[in-house]
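The structure appears right after this line, and notes come after that.
Just so it is clear, none of the values below were taken in a lab; they were calculated from the coordinates. Everything numeric here is computed off the predicted structure, so don't read it as measured data. In this analysis, Cβ positions are derived from the backbone assuming ideal geometry, glycine residues included, and neighbour counts consider all displayed protein chains.
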Amino acid sequence: MSIANPLQMKIIYYSSPSFADCDFPLVAALQRMGHDVRYYISIASFSKRSTLIDLKTLYPHTGIYPATEIYPEFSEFHDLLDLSRVYVVNQKHKQKYHPVNLLLMMRMIIRFMLQKPDVIHLTRPPYLTQKLLYLMKRKLVLTVHDPFQHSGFANKKAEADRQLAFRHILKLVLLNDRQRASFASHYHVPDSHIFINKLGMYSAILHVQPQAPQIPMRRDGRGQPFILFFGQIVEYKGVEYLLEAMKTVHSHYPELMLVIAGGGRFYFDVEPYRRLDYVSIINRYISVSELVGMLRACEFAVCPYKDATQSGVVQTAFTLGVPMVVTDVGALADAVEHGKTGIVVKPCDADQLAEGIITLYSDKKKLLAMRKNIMETWMPDMQWEPIAEKYLACYKYPGQ
């Protein structure tokens, strides 16, 4: 329930399913603080199953609809969000350039204008007809989830859209301070246009009923101990180094399995690893309920990235009290405190990764202490209200 707020702001929050796990709790915090937040989320055939959004079937009409009117799956979060102010921008046609989609974007922008918001909060740079949003540039705020494009994800059109956004949007929010200087230098962004905030707990996953993981059982009937990689399979994730590292880990602890859980195409020859009886590869979309079940059952999670900014993987794992082994890229070493909430190792080094996994698995007291540190130190510092307060300060111009 929201509280009365004499300084209520009218906020349009426009995002996509890939950020739902951090958008839901942020929007919920702003709503609880008494602000008028209207949350619009674009859904198309290629994004109907992503993070918290698990829609088996795409609604067969293009348009802007109340979320629960066309997707009852949103009702699972009724006790978190004010769903009466959540809207789906539904795209029947997959092609971005389809005339119906271009018209839909224009209709959406007109709708935004007519609502006369104080701020329009974006999580992706505008593209195609969305660029009409630059007509309201003083109202725009953009959260830059990835200050730099990931390896294997280079896209000239996307980069052109990013550069245009960084020139025209006067308030750019980065989610870590470590990359501020390099981002400002690379994109020639004035320091006054950059605001620093952070990700909080991905608390929306606590509203999901966990599903028992389908992991091989030992002969004694107990679940086999396993460590977990989860997320989309893409080149910058460094999965090949983790698979190589497991050969060394297995020679020390043959009972320990590695579970690779996530959809996407493997960018290396994965077949030799599929034949290893201590590796389980689940190469498909993993629902949130499945993921919660896996995280509750695993020993710890591993993030072997080659490059990164911050990672929602850490927030997801820590929200369930799961320590992590991560590589020292982007701001991962800031998110995971070495020796206290996890282990940090060099990137692109299978030997270092194996050593980190062995160090953590071999010391049950250390592992339990890390879980306790996450619960007692990390979680209290990751509440969304202080994060929402920082966004509200960013939204306001001097004199407001």
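Just to be sure I understand: with springs between alpha-carbon atoms less than 10 Å apart, which residue in Ile343, Ile120, Ile282 has the highest mean-square fluctuation in the Gaussian network model of the chain?
Ranking Ile343, Ile120, Ile282 by mean-square fluctuation puts Ile282 first.
Testing the spin-label approximation: label points 7 Å from Cα along Cα→Cβ at Lys364 and Arg180. State their distance in nm.
4.4
Under a point-charge model restricted to the Cβ atoms of Lys and Arg (+1) and Asp and Glu (-1), what is the dipole moment magnitude of the stretch 207-381 relative to its Cα centre, in debye to the nearest 20? Don't skip to the answer; put the middle values down first.
Details: 18 positive and 20 negative charges, 118 e Å.
Dipole size: approximately 560 debye.
Take every Cα pair under 8 Å in the chain that's 6+ residues apart, average their separations, divide by the length, and report that relative contact order as a whole percent. Don't skip to the answer; put the middle values down first.
Numbers: 726 pairs, mean separation 56.3, N = 400.
Once normalised by length, the contact order is 14 percent.
Anyone know which of Phe318, Phe300, Phe266 comes out most mobile in the 10 Å Cα GNM of the chain?
In this elastic network of the chain, the residue with the biggest mean-square fluctuation among Phe318, Phe300, Phe266 is Phe266.
Compute the FRET efficiency between Leu276 and Ser192 as 1/(1 + (r/R0)^6), taking r as their Cβ-Cβ distance and R0 = 56 Å, and round to the nearest 0.05. Walk me through the numbers on the way to the answer.
Numbers: r = 53 Å, r/R0 = 0.94.
With R0 = 56 Å, the Cβ-Cβ based efficiency is 0.60.
Which distance in Å, rounded to a whole number, links the C-alpha centroids of the stretch 343-392 and the stretch 81-153?
Between the Cα centres of the stretch 343-392 and the stretch 81-153 lies a distance of 34 Å.
Just Asn101, Asn155, Asn176 to compare: in a GNM of the chain, with alpha carbon springs under 10 Å, which one fluctuates most?
Between Asn101, Asn155, Asn176, it is Asn155 that shows the largest mean-square fluctuation.
Of Ile374, Ala331, Leu392, whose Cα points farthest to the positive end of the dipole of the stretch 319-400 (charges on the beta-carbon: +1 Lys, Arg; -1 Asp, Glu; origin at the Cα centre)?
The listed residue farthest towards the positive side: Ile374.
From Cα pairs below 8 angstrom and at least 6 apart in sequence, can you work out the relative contact order of the stretch 207-381, rounded to a whole percent? Numbers along the way, then the final one.
Numbers: 311 pairs, mean separation 39.7, N = 175.
Averaging sequence separation for qualifying contacts and normalising by length gives 23 percent for the stretch 207-381.
Could you give the dipole magnitude of the chain about its Cα centre, charging the beta-carbon of Lys and Arg +1 and that of Asp and Glu -1, in debye to the nearest 20?
Working: 46 positive and 37 negative charges, 264 e Å.
About 1260 debye.
Report the dimensions of the chain along its three principal axes from the alpha-carbon atoms, largest first, rounded to Å.
Per principal axis, max minus min of the Cα coordinates gives 64, 45, 44 Å.
With the cut-off at 20 Å, tell me which of the pairs Lys237/Lys372; Lys56/Lys92; Lys131/Lys396; Lys92/Lys139; Lys96/Lys306 have Cα atoms farther apart than that. Please list the in-between numbers first.
Details: Lys237/Lys372 27 Å; Lys56/Lys92 14 Å; Lys131/Lys396 22 Å; Lys92/Lys139 29 Å; Lys96/Lys306 30 Å.
Over 20 Å apart, Cα to Cα: Lys237/Lys372; Lys131/Lys396; Lys92/Lys139; Lys96/Lys306.
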